[in-house]
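Take a look at the structure set out below.
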Amino acid sequence: MDFAFSARAVELQDRIRSFMDEHVLPAEPVYDRQIAESSDPHALPPVMVELKEKARADGLWNLFLSHGDWGAGLTNLEYAPLAELMGRSIIGNEIFNCSAPDTGNMELLALFGTDEQREQWLRPLLDARIRSCFAMTEPDVASSDARNIRTRITRDGDSYVVNGRKWYTSGILDPDCELIILMGVSDPDAPPYRQQSMILIPRHTPGVTVLRDLPMFGYTDRLGHGDVLFENVRVPAANLLGSEGEGFALAQGRLGPGRMHYAMRAVGFAERALQLMCERTLSRVAFGGPLADQGVVREWIARSRIEIEQLRLLVLKSAWLMDTVGNAAARMEVAAIKVAALDVAHRVVDRAVQAHGAAGVSDDTVLARLFSITRALRIADGPDEVHLRTVARQELAKYKEKSR
Ligand SMILES: Cc1cc2nc3c(=O)[nH]c(=O)nc-3n(C[C@H](O)[C@H](O)[C@H](O)COP(=O)(O)OP(=O)(O)OC[C@H]3O[C@@H](n4cnc5c(N)ncnc54)[C@H](O)[C@@H]3O)c2cc1C
(Lines give C-alpha, C1' and ligand atoms only; values in the text may rest on other atoms or scores of the structure.)
Protein backbone atom coordinates (compact mmCIF):
# COMPACT_ATOMS: atom_id res chain seq x y z
CA MET A 1 0.00 0.00 0.00
CA ASP A 2 1.49 3.32 -1.04
CA PHE A 3 -0.25 6.53 0.01
CA ALA A 4 2.59 8.83 -1.05
CA PHE A 5 1.18 11.77 -3.01
CA SER A 6 2.65 12.94 -6.31
CA ALA A 7 4.20 16.41 -6.48
CA ARG A 8 1.17 17.58 -8.49
CA ALA A 9 -1.24 16.28 -5.83
CA VAL A 10 0.67 18.00 -3.03
CA GLU A 11 0.71 21.25 -4.99
CA LEU A 12 -3.05 21.00 -5.60
CA GLN A 13 -3.68 20.29 -1.91
CA ASP A 14 -1.77 23.47 -0.97
CA ARG A 15 -3.68 25.53 -3.52
CA ILE A 16 -7.13 24.18 -2.57
CA ARG A 17 -6.35 24.67 1.14
CA SER A 18 -5.36 28.31 0.53
CA PHE A 19 -8.39 28.91 -1.70
CA MET A 20 -10.71 27.47 0.95
CA ASP A 21 -9.16 29.60 3.73
CA GLU A 22 -8.91 32.82 1.74
CA HIS A 23 -12.10 32.72 -0.30
CA VAL A 24 -14.58 29.95 0.52
CA LEU A 25 -14.87 29.96 4.32
CA PRO A 26 -15.20 33.78 4.49
CA ALA A 27 -17.89 33.58 1.77
CA GLU A 28 -20.23 31.35 3.82
CA PRO A 29 -22.07 34.20 5.62
CA VAL A 30 -22.34 36.10 2.32
CA TYR A 31 -23.82 32.98 0.70
CA ASP A 32 -26.38 32.63 3.51
CA ARG A 33 -27.35 36.31 3.28
CA GLN A 34 -27.71 36.23 -0.50
CA ILE A 35 -29.88 33.10 -0.36
CA ALA A 36 -32.10 34.71 2.31
CA GLU A 37 -32.50 37.81 0.14
CA SER A 38 -33.10 35.93 -3.12
CA SER A 39 -36.58 35.47 -4.58
CA ASP A 40 -35.56 31.94 -5.71
CA PRO A 41 -34.01 29.71 -2.99
CA HIS A 42 -32.48 27.51 -5.72
CA ALA A 43 -30.75 30.24 -7.76
CA LEU A 44 -26.96 30.43 -7.66
CA PRO A 45 -26.00 33.32 -5.33
CA PRO A 46 -23.72 35.98 -6.91
CA VAL A 47 -20.86 35.12 -4.51
CA MET A 48 -20.84 31.59 -5.97
CA VAL A 49 -20.68 32.91 -9.53
CA GLU A 50 -17.69 35.04 -8.52
CA LEU A 51 -15.88 32.22 -6.73
CA LYS A 52 -16.54 29.70 -9.50
CA GLU A 53 -14.98 32.07 -12.01
CA LYS A 54 -11.98 32.51 -9.75
CA ALA A 55 -11.54 28.76 -9.14
CA ARG A 56 -11.75 28.10 -12.85
CA ALA A 57 -9.25 30.87 -13.67
CA ASP A 58 -6.89 29.36 -11.08
CA GLY A 59 -7.14 25.92 -12.75
CA LEU A 60 -8.90 24.39 -9.71
CA TRP A 61 -11.72 23.02 -11.83
CA ASN A 62 -13.28 19.61 -12.61
CA LEU A 63 -10.56 17.90 -10.59
CA PHE A 64 -12.87 14.93 -9.86
CA LEU A 65 -12.96 13.75 -13.46
CA SER A 66 -10.19 11.41 -14.48
CA HIS A 67 -11.51 10.08 -17.78
CA GLY A 68 -9.83 10.56 -21.13
CA ASP A 69 -9.39 14.01 -22.59
CA TRP A 70 -12.16 15.50 -20.52
CA GLY A 71 -10.85 15.42 -16.99
CA ALA A 72 -7.95 16.55 -14.84
CA GLY A 73 -6.45 13.05 -14.97
CA LEU A 74 -6.02 12.67 -11.21
CA THR A 75 -6.16 9.25 -9.60
CA ASN A 76 -8.73 8.57 -6.87
CA LEU A 77 -5.91 8.67 -4.35
CA GLU A 78 -4.81 12.09 -5.62
CA TYR A 79 -8.37 13.43 -5.61
CA ALA A 80 -9.29 12.11 -2.11
CA PRO A 81 -7.55 14.79 -0.01
CA LEU A 82 -8.78 17.51 -2.39
CA ALA A 83 -12.40 16.42 -1.89
CA GLU A 84 -11.78 16.36 1.85
CA LEU A 85 -10.50 19.94 1.78
CA MET A 86 -13.48 21.07 -0.32
CA GLY A 87 -15.79 19.29 2.17
CA ARG A 88 -14.70 21.65 4.95
CA SER A 89 -17.40 23.97 3.65
CA ILE A 90 -20.84 22.91 2.46
CA ILE A 91 -20.39 25.26 -0.53
CA GLY A 92 -16.84 24.06 -1.25
CA ASN A 93 -17.22 21.38 -3.87
CA GLU A 94 -19.65 23.32 -6.06
CA ILE A 95 -17.18 26.20 -6.33
CA PHE A 96 -14.66 23.84 -7.95
CA ASN A 97 -17.37 22.28 -10.20
CA CYS A 98 -16.98 19.06 -8.24
CA SER A 99 -20.50 18.67 -6.84
CA ALA A 100 -23.15 15.99 -7.13
CA PRO A 101 -25.28 15.22 -9.03
CA ASP A 102 -23.33 16.87 -11.86
CA THR A 103 -20.16 14.92 -11.07
CA GLY A 104 -21.81 11.51 -11.50
CA ASN A 105 -23.64 12.70 -14.60
CA MET A 106 -20.44 14.04 -16.15
CA GLU A 107 -18.77 10.71 -15.41
CA LEU A 108 -21.63 8.87 -17.10
CA LEU A 109 -21.43 11.08 -20.19
CA ALA A 110 -17.63 10.87 -20.35
CA LEU A 111 -17.70 7.08 -20.05
CA PHE A 112 -20.79 6.12 -22.02
CA GLY A 113 -21.95 9.14 -24.05
CA THR A 114 -21.71 9.39 -27.84
CA ASP A 115 -19.62 12.21 -29.33
CA GLU A 116 -22.84 14.17 -30.00
CA GLN A 117 -24.14 13.64 -26.44
CA ARG A 118 -20.82 14.76 -25.00
CA GLU A 119 -20.74 17.88 -27.16
CA GLN A 120 -24.33 18.75 -26.29
CA TRP A 121 -24.26 18.01 -22.55
CA LEU A 122 -20.82 17.18 -21.17
CA ARG A 123 -19.10 20.29 -22.53
CA PRO A 124 -21.57 22.79 -20.97
CA LEU A 125 -21.54 20.82 -17.69
CA LEU A 126 -17.75 20.93 -17.58
CA ASP A 127 -17.98 24.68 -18.19
CA ALA A 128 -20.71 24.96 -15.49
CA ARG A 129 -22.91 26.76 -18.02
CA ILE A 130 -25.71 24.35 -17.11
CA ARG A 131 -26.56 21.93 -14.30
CA SER A 132 -28.13 18.47 -14.37
CA CYS A 133 -30.00 15.96 -12.25
CA PHE A 134 -30.35 12.19 -11.98
CA ALA A 135 -33.82 10.64 -11.69
CA MET A 136 -33.90 7.05 -10.46
CA THR A 137 -35.78 6.92 -7.13
CA GLU A 138 -39.58 6.64 -7.24
CA PRO A 139 -42.06 7.43 -4.46
CA ASP A 140 -44.21 4.37 -5.12
CA VAL A 141 -41.60 1.59 -4.94
CA ALA A 142 -38.68 0.63 -2.67
CA SER A 143 -36.00 2.13 -4.88
CA SER A 144 -33.03 0.92 -2.86
CA ASP A 145 -33.66 -2.17 -4.97
CA ALA A 146 -33.46 -0.51 -8.38
CA ARG A 147 -35.05 -3.54 -10.01
CA ASN A 148 -38.34 -2.24 -8.59
CA ILE A 149 -38.51 0.98 -10.56
CA ARG A 150 -41.53 1.33 -12.81
CA THR A 151 -41.11 4.44 -14.95
CA ARG A 152 -41.41 3.29 -18.55
CA ILE A 153 -39.17 4.22 -21.48
CA THR A 154 -41.03 3.07 -24.59
CA ARG A 155 -39.69 3.12 -28.14
CA ASP A 156 -42.03 4.81 -30.63
CA GLY A 157 -40.54 5.22 -34.12
CA ASP A 158 -37.56 7.57 -33.91
CA SER A 159 -38.42 8.57 -30.35
CA TYR A 160 -38.61 7.23 -26.83
CA VAL A 161 -41.60 8.15 -24.69
CA VAL A 162 -41.20 8.35 -20.90
CA ASN A 163 -44.01 7.94 -18.38
CA GLY A 164 -43.70 7.73 -14.59
CA ARG A 165 -42.95 9.59 -11.39
CA LYS A 166 -39.63 10.18 -9.68
CA TRP A 167 -38.74 11.92 -6.46
CA TYR A 168 -35.80 13.31 -4.58
CA THR A 169 -34.49 14.26 -7.99
CA SER A 170 -31.76 16.54 -6.66
CA GLY A 171 -30.87 19.63 -8.63
CA ILE A 172 -33.95 19.82 -10.82
CA LEU A 173 -35.14 23.03 -9.15
CA ASP A 174 -31.92 24.88 -9.93
CA PRO A 175 -32.88 27.40 -12.64
CA ASP A 176 -29.70 26.40 -14.50
CA CYS A 177 -30.71 22.73 -14.66
CA GLU A 178 -31.02 21.75 -18.33
CA LEU A 179 -30.53 17.98 -18.30
CA ILE A 180 -32.27 15.06 -16.60
CA ILE A 181 -30.63 11.65 -16.79
CA LEU A 182 -33.47 9.25 -16.11
CA MET A 183 -33.37 5.53 -15.40
CA GLY A 184 -36.50 3.62 -16.36
CA VAL A 185 -37.77 0.28 -17.63
CA SER A 186 -37.37 -0.25 -21.37
CA ASP A 187 -38.09 -4.00 -21.47
CA PRO A 188 -40.15 -5.48 -18.59
CA ASP A 189 -39.73 -8.98 -20.07
CA ALA A 190 -35.92 -8.98 -20.01
CA PRO A 191 -33.93 -10.56 -17.12
CA PRO A 192 -34.20 -8.37 -13.96
CA TYR A 193 -30.86 -6.55 -14.42
CA ARG A 194 -31.39 -5.99 -18.19
CA GLN A 195 -34.83 -4.33 -18.03
CA GLN A 196 -33.59 -0.80 -17.38
CA SER A 197 -32.12 1.90 -19.61
CA MET A 198 -30.95 5.48 -19.14
CA ILE A 199 -32.12 8.35 -21.23
CA LEU A 200 -31.18 12.02 -21.58
CA ILE A 201 -34.17 14.34 -21.22
CA PRO A 202 -33.83 18.08 -21.73
CA ARG A 203 -35.27 19.61 -18.54
CA HIS A 204 -37.88 21.72 -20.31
CA THR A 205 -39.31 18.97 -22.53
CA PRO A 206 -43.13 19.08 -22.55
CA GLY A 207 -44.60 16.60 -20.06
CA VAL A 208 -41.96 17.14 -17.34
CA THR A 209 -43.69 18.67 -14.30
CA VAL A 210 -42.14 19.36 -10.92
CA LEU A 211 -44.98 18.65 -8.51
CA ARG A 212 -43.17 19.54 -5.29
CA ASP A 213 -39.99 21.06 -3.93
CA LEU A 214 -39.14 18.43 -1.30
CA PRO A 215 -37.44 19.49 1.93
CA MET A 216 -34.53 17.98 3.82
CA PHE A 217 -35.66 17.69 7.45
CA GLY A 218 -37.67 20.88 6.99
CA TYR A 219 -34.90 22.82 5.21
CA THR A 220 -35.24 24.06 1.68
CA ASP A 221 -31.95 22.82 0.27
CA ARG A 222 -30.50 25.14 -2.37
CA LEU A 223 -29.87 22.15 -4.61
CA GLY A 224 -33.61 21.44 -4.53
CA HIS A 225 -35.11 17.94 -4.47
CA GLY A 226 -37.99 17.53 -6.91
CA ASP A 227 -41.04 15.32 -6.96
CA VAL A 228 -41.33 15.00 -10.72
CA LEU A 229 -44.02 13.71 -13.04
CA PHE A 230 -43.12 12.47 -16.53
CA GLU A 231 -46.19 12.34 -18.78
CA ASN A 232 -45.67 11.26 -22.40
CA VAL A 233 -42.24 12.90 -22.44
CA ARG A 234 -40.95 12.40 -25.97
CA VAL A 235 -37.23 12.59 -26.83
CA PRO A 236 -35.27 11.48 -29.92
CA ALA A 237 -34.08 7.85 -29.89
CA ALA A 238 -30.50 9.20 -30.07
CA ASN A 239 -30.95 10.41 -26.46
CA LEU A 240 -30.55 6.88 -25.10
CA LEU A 241 -27.36 6.64 -23.02
CA GLY A 242 -25.51 3.45 -23.89
CA SER A 243 -27.73 0.67 -25.22
CA GLU A 244 -31.16 -0.59 -24.21
CA GLY A 245 -30.90 -2.80 -21.12
CA GLU A 246 -27.63 -1.26 -19.92
CA GLY A 247 -29.19 1.01 -17.29
CA PHE A 248 -28.18 -1.10 -14.34
CA ALA A 249 -24.59 -1.47 -15.47
CA LEU A 250 -24.35 2.28 -16.14
CA ALA A 251 -25.84 3.06 -12.71
CA GLN A 252 -23.13 0.97 -11.04
CA GLY A 253 -20.49 2.90 -12.99
CA ARG A 254 -21.99 6.17 -11.80
CA LEU A 255 -22.51 5.31 -8.16
CA GLY A 256 -19.09 3.74 -7.40
CA PRO A 257 -16.93 6.85 -7.77
CA GLY A 258 -19.85 8.95 -6.44
CA ARG A 259 -19.78 7.05 -3.15
CA MET A 260 -16.06 7.57 -2.92
CA HIS A 261 -16.54 11.32 -3.44
CA TYR A 262 -19.20 11.49 -0.70
CA ALA A 263 -16.89 9.65 1.68
CA MET A 264 -13.98 11.97 0.99
CA ARG A 265 -16.19 14.98 1.49
CA ALA A 266 -17.58 13.52 4.71
CA VAL A 267 -14.05 13.47 6.18
CA GLY A 268 -14.03 17.22 5.52
CA PHE A 269 -17.43 17.64 7.21
CA ALA A 270 -16.13 15.80 10.26
CA GLU A 271 -12.93 17.86 10.39
CA ARG A 272 -14.95 21.08 10.27
CA ALA A 273 -17.27 19.91 13.05
CA LEU A 274 -14.31 18.88 15.23
CA GLN A 275 -12.65 22.26 14.67
CA LEU A 276 -15.85 24.08 15.70
CA MET A 277 -16.24 21.81 18.74
CA CYS A 278 -12.67 22.56 19.91
CA GLU A 279 -12.95 26.31 19.34
CA ARG A 280 -16.30 26.56 21.10
CA THR A 281 -15.43 24.47 24.14
CA LEU A 282 -12.14 26.31 24.67
CA SER A 283 -13.91 29.68 24.72
CA ARG A 284 -17.14 28.83 26.58
CA VAL A 285 -16.93 28.83 30.37
CA ALA A 286 -19.22 26.82 32.69
CA PHE A 287 -18.85 25.52 36.25
CA GLY A 288 -15.63 27.40 36.80
CA GLY A 289 -13.67 26.72 33.63
CA PRO A 290 -13.72 26.22 29.86
CA LEU A 291 -16.01 23.40 28.72
CA ALA A 292 -12.93 21.88 27.10
CA ASP A 293 -11.61 21.09 30.60
CA GLN A 294 -14.48 18.69 31.26
CA GLY A 295 -13.51 15.05 30.91
CA VAL A 296 -16.60 14.18 28.91
CA VAL A 297 -15.88 16.93 26.38
CA ARG A 298 -12.28 15.77 26.08
CA GLU A 299 -13.55 12.28 25.37
CA TRP A 300 -15.80 13.62 22.56
CA ILE A 301 -12.82 15.43 21.10
CA ALA A 302 -10.42 12.50 21.44
CA ARG A 303 -12.88 9.95 20.05
CA SER A 304 -13.69 12.26 17.15
CA ARG A 305 -10.01 12.62 16.26
CA ILE A 306 -9.44 8.86 16.48
CA GLU A 307 -12.50 8.06 14.35
CA ILE A 308 -11.60 10.64 11.70
CA GLU A 309 -8.05 9.26 11.43
CA GLN A 310 -9.40 5.71 11.04
CA LEU A 311 -11.90 6.85 8.45
CA ARG A 312 -9.32 8.77 6.42
CA LEU A 313 -7.08 5.72 6.26
CA LEU A 314 -9.97 3.55 5.05
CA VAL A 315 -10.90 6.16 2.44
CA LEU A 316 -7.30 6.35 1.19
CA LYS A 317 -7.03 2.57 1.09
CA SER A 318 -10.26 2.34 -0.91
CA ALA A 319 -9.11 5.08 -3.31
CA TRP A 320 -5.78 3.31 -3.75
CA LEU A 321 -7.56 0.01 -4.43
CA MET A 322 -9.85 1.65 -7.00
CA ASP A 323 -6.74 2.96 -8.74
CA THR A 324 -4.78 -0.27 -8.59
CA VAL A 325 -7.29 -3.13 -8.90
CA GLY A 326 -10.33 -1.25 -10.26
CA ASN A 327 -13.77 -0.29 -9.00
CA ALA A 328 -15.24 -3.78 -9.29
CA ALA A 329 -12.52 -5.46 -7.23
CA ALA A 330 -12.72 -2.65 -4.65
CA ARG A 331 -16.49 -3.10 -4.31
CA MET A 332 -16.45 -4.18 -0.67
CA GLU A 333 -14.25 -1.25 0.38
CA VAL A 334 -16.37 1.25 -1.59
CA ALA A 335 -19.52 -0.04 0.14
CA ALA A 336 -17.73 0.02 3.50
CA ILE A 337 -16.55 3.62 3.24
CA LYS A 338 -20.02 4.89 2.28
CA VAL A 339 -21.30 3.49 5.59
CA ALA A 340 -18.24 4.37 7.68
CA ALA A 341 -17.90 7.92 6.35
CA LEU A 342 -21.41 9.06 7.10
CA ASP A 343 -21.44 7.16 10.38
CA VAL A 344 -18.31 8.96 11.61
CA ALA A 345 -19.23 12.35 10.13
CA HIS A 346 -22.72 12.27 11.60
CA ARG A 347 -21.44 11.20 15.04
CA VAL A 348 -18.78 13.92 15.14
CA VAL A 349 -21.30 16.54 14.00
CA ASP A 350 -23.72 15.31 16.67
CA ARG A 351 -21.07 15.77 19.38
CA ALA A 352 -20.27 19.25 18.04
CA VAL A 353 -23.98 20.15 18.12
CA GLN A 354 -24.13 19.01 21.75
CA ALA A 355 -21.01 20.99 22.62
CA HIS A 356 -22.60 24.13 21.17
CA GLY A 357 -25.78 23.85 23.23
CA ALA A 358 -28.68 25.79 21.69
CA ALA A 359 -26.32 27.39 19.17
CA GLY A 360 -25.78 23.95 17.66
CA VAL A 361 -29.45 23.71 16.82
CA SER A 362 -29.66 27.27 15.44
CA ASP A 363 -28.55 28.24 11.97
CA ASP A 364 -25.89 30.61 13.36
CA THR A 365 -23.31 27.90 12.70
CA VAL A 366 -22.99 25.40 9.86
CA LEU A 367 -23.59 22.50 12.26
CA ALA A 368 -27.37 22.16 11.83
CA ARG A 369 -26.91 21.88 8.07
CA LEU A 370 -24.07 19.41 8.48
CA PHE A 371 -26.31 17.42 10.83
CA SER A 372 -29.06 17.21 8.24
CA ILE A 373 -26.72 16.52 5.29
CA THR A 374 -24.80 13.75 7.06
CA ARG A 375 -28.06 12.13 8.16
CA ALA A 376 -29.69 12.35 4.74
CA LEU A 377 -26.58 10.95 3.05
CA ARG A 378 -27.01 7.74 5.03
CA ILE A 379 -30.00 7.20 2.73
CA ALA A 380 -29.05 8.97 -0.51
CA ASP A 381 -26.98 6.98 -3.03
CA GLY A 382 -28.21 3.77 -1.46
CA PRO A 383 -29.09 3.39 2.24
CA ASP A 384 -26.52 2.03 4.71
CA GLU A 385 -28.26 -1.33 4.88
CA VAL A 386 -27.74 -2.03 1.18
CA HIS A 387 -24.01 -1.36 1.55
CA LEU A 388 -23.81 -3.44 4.72
CA ARG A 389 -25.40 -6.25 2.75
CA THR A 390 -22.60 -6.02 0.17
CA VAL A 391 -19.91 -6.07 2.85
CA ALA A 392 -21.50 -8.98 4.72
CA ARG A 393 -22.00 -10.97 1.51
CA GLN A 394 -18.31 -10.69 0.63
CA GLU A 395 -17.25 -11.55 4.15
CA LEU A 396 -19.52 -14.61 4.33
CA ALA A 397 -18.43 -15.80 0.89
CA LYS A 398 -14.95 -16.53 2.25
CA TYR A 399 -16.35 -18.93 4.82
CA LYS A 400 -19.01 -20.45 2.58
CA GLU A 401 -16.22 -21.65 0.26
CA LYS A 402 -14.30 -23.12 3.21
CA SER A 403 -17.34 -24.92 4.64
CA ARG A 404 -18.15 -26.66 1.33
C1 LIG B 1 -31.23 14.21 0.28
C2 LIG B 1 -31.48 13.11 -0.71
C3 LIG B 1 -31.12 13.28 -2.03
C4 LIG B 1 -31.40 12.28 -2.97
N5 LIG B 1 -31.08 12.51 -4.29
C6 LIG B 1 -31.46 11.60 -5.22
C7 LIG B 1 -31.26 11.87 -6.61
O8 LIG B 1 -30.71 12.91 -7.00
N9 LIG B 1 -31.71 10.96 -7.52
C10 LIG B 1 -32.32 9.80 -7.14
O11 LIG B 1 -32.70 9.02 -8.00
N12 LIG B 1 -32.51 9.53 -5.82
C13 LIG B 1 -32.11 10.39 -4.86
N14 LIG B 1 -32.34 10.15 -3.54
C15 LIG B 1 -33.06 8.93 -3.16
C16 LIG B 1 -32.20 7.86 -2.54
O17 LIG B 1 -31.23 7.36 -3.43
C18 LIG B 1 -33.19 6.77 -2.08
O19 LIG B 1 -33.99 7.34 -1.06
C20 LIG B 1 -32.51 5.50 -1.59
O21 LIG B 1 -31.91 4.78 -2.63
C22 LIG B 1 -33.51 4.58 -0.88
O23 LIG B 1 -34.64 4.32 -1.65
P24 LIG B 1 -36.09 4.53 -0.99
O25 LIG B 1 -36.18 5.92 -0.46
O26 LIG B 1 -37.08 4.12 -1.99
O27 LIG B 1 -36.10 3.59 0.28
P28 LIG B 1 -36.66 2.09 0.34
O29 LIG B 1 -36.11 1.29 -0.79
O30 LIG B 1 -38.12 2.17 0.53
O31 LIG B 1 -35.97 1.58 1.67
C32 LIG B 1 -36.37 2.10 2.96
C33 LIG B 1 -35.39 1.62 3.99
O34 LIG B 1 -35.40 0.21 4.04
C35 LIG B 1 -34.16 -0.26 4.50
N36 LIG B 1 -33.64 -1.25 3.56
C37 LIG B 1 -33.62 -1.22 2.21
N38 LIG B 1 -33.00 -2.31 1.71
C39 LIG B 1 -32.62 -3.04 2.76
C40 LIG B 1 -31.94 -4.28 2.91
N41 LIG B 1 -31.49 -4.96 1.85
N42 LIG B 1 -31.72 -4.73 4.17
C43 LIG B 1 -32.16 -4.06 5.25
N44 LIG B 1 -32.80 -2.88 5.16
C45 LIG B 1 -33.02 -2.39 3.95
C46 LIG B 1 -33.21 0.95 4.56
O47 LIG B 1 -33.09 1.38 5.89
C48 LIG B 1 -33.94 1.98 3.73
O49 LIG B 1 -33.63 3.30 4.13
C50 LIG B 1 -32.04 11.09 -2.56
C51 LIG B 1 -32.38 10.92 -1.22
C52 LIG B 1 -32.12 11.91 -0.29
C53 LIG B 1 -32.51 11.68 1.13
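Leaving out ligands, DNA and RNA but keeping every protein chain, what accessible area does Tyr168 have, in Å² rounded to the nearest 10, with a 1.4 Å probe?
So the heavy atoms of Tyr168 present about 100 Å² to solvent.
Report, to the nearest 10°, how far helix 247-283 tilts away from the longest principal axis of the Cα atoms in the chain, using its own Cα long axis and a range of 0 to 90°.
Rounded to the nearest ten degrees, it is 20.
So what J values fall out for segment 50-62 if you push phi through Karplus, 6.51 cos²θ - 1.76 cosθ + 1.60 with θ = phi - 60°, rounded to Hz, Gly and Pro as x?
Rounded to whole hertz, the list is 4, 6, 5, 4, 5, 4, 5, 4, 7, x, 9, 9, 6.
Rounded to the nearest 0.05, what FRET efficiency do Ala359 and Arg8 have when you use their Cβ-Cβ distance and R0 = 35 Å?
0.30
In nm, to one decimal, how far is the Asp384 label point from the Asp21 one, both placed 7 Å along Cα→Cβ?
Reported label-point gap for Asp384 and Asp21 is 3.5 nm.
Using only Cα atoms, find the angle between the long axis of helix 102-112 and the longest principal axis of the chain, and express it within 0 to 90 degrees, rounded to the nearest 10.
That helix lies at roughly 40 degrees to the long axis.
Kindly state, to the nearest 0.05, the FRET efficiency for Arg150 paired with Glu299, given R0 = 56 Å and r defined as their beta-carbon distance. All intermediate terms of the calculation are to be shown ahead of the outcome.
Working: r = 49 Å, r/R0 = 0.87.
For Arg150 and Glu299, the calculated efficiency is 0.70.
Can you work out the FRET efficiency for the pair Asp40 and Glu279, with r the C-beta to C-beta distance and R0 = 30 Å, to the nearest 0.05?
Details: r = 34 Å, r/R0 = 1.13.
Once the sixth-power term is evaluated, E becomes 0.35.
Given 0.36 nm per residue, what is the gain on full extension from Leu396 to Thr114 after removing their alpha carbon distance, in nm? Don't skip to the end; give the middle numbers.
Numbers: separation 282, 0.36 × 282 = 101.52 nm, distance 4.02 nm.
Going from the current span to full extension adds 97.5 nm.
Solvent-accessible area per residue for segment 7-113 at a 1.4 Å probe radius, Å²? Can you show the working numbers first?
On the way: 4100 Å² over 107 residues.
Spelled out: the 1.4 Å probe surface of segment 7-113, per residue, equals 38 Å².
Sticking with the crude label model, points 7 Å out along Cα→Cβ, report the distance from Asp69 to Ala249 in nm, one decimal please.
The answer from the label model is 2.5 nm.
Specify the angular offset, from 0 to 90 degrees and rounded to the nearest 10, of the alpha carbon long axis of helix 295-324 from the longest principal axis of the alpha carbons in the chain.
The two axes meet at around 40 degrees.
For the chain, modelled as a GNM with alpha-carbon contacts under 10 angstrom, which of Gly288, Gly253, Gly224 fluctuates the most?
Between Gly288, Gly253, Gly224, it is Gly288 that shows the largest mean-square fluctuation.
Full-extension gain between His204 and Arg123, please, as 0.36 nm times their residue separation minus the C-alpha to C-alpha distance. Could the numbers behind the result be given before it?
Working: separation 81, 0.36 × 81 = 29.16 nm, distance 1.90 nm.
The His204-Arg123 span can extend by a further 27.3 nm.
Provide, for the chain, the number of lysine pairs with alpha carbons under 29 Å apart, each pair being eight or more places apart or on different chains.
Lysine pairs meeting both conditions in the chain amount to 9.
Add -39500 (n - 2.57) for each DSSP H run of 4 or more in the chain, then divide by its residues: what number comes out at 222 nm, to the nearest 500 deg cm²/dmol?
Details: 13 runs with 194 residues, N = 404.
About -15500 deg cm²/dmol.
Taking amide H positions as placed in the peptide plane 1.01 Å from N, state which residues far from Leu214 in sequence (5 or more) or on other chains have amide H under 5 Å from it.
When sequence neighbours closer than 5 places are left aside, the close amide H contacts are His225, Gly226, Asp227.
Hey, can you find the accessible area per residue of segment 248-403 for me, probe 1.4 Å, expressed in square angstrom? Each step should come with its number before you reach the end.
Details: 7350 Å² over 156 residues.
So segment 248-403 comes to 47 Å² accessible per residue, rounded to a whole number.
For segment 301-353, give the percent of accessible area contributed by carbon and sulfur heavy atoms, probe 1.4 Å, rounded to a whole number. Before the final figure, lay out each step's value.
Values: 1240 of 2100 Å².
Whole-percent figure for carbon plus sulfur exposure: 59.
The values are calculated or read from the model by the stated rules, or taken from the named source; none is laboratory data. The shown structure was predicted, so the numbers you read here are calculated from the model rather than taken from an experiment. Counting neighbours? That spans all protein chains shown, and the Cβs are built from the backbone with ideal geometry, glycine included. These accessible areas exclude ligands, DNA and RNA; they are computed on the full protein's heavy atoms, side chains included. Shrake-Rupley method; radii C 1.70, N 1.55, O 1.52, S 1.80 Å.
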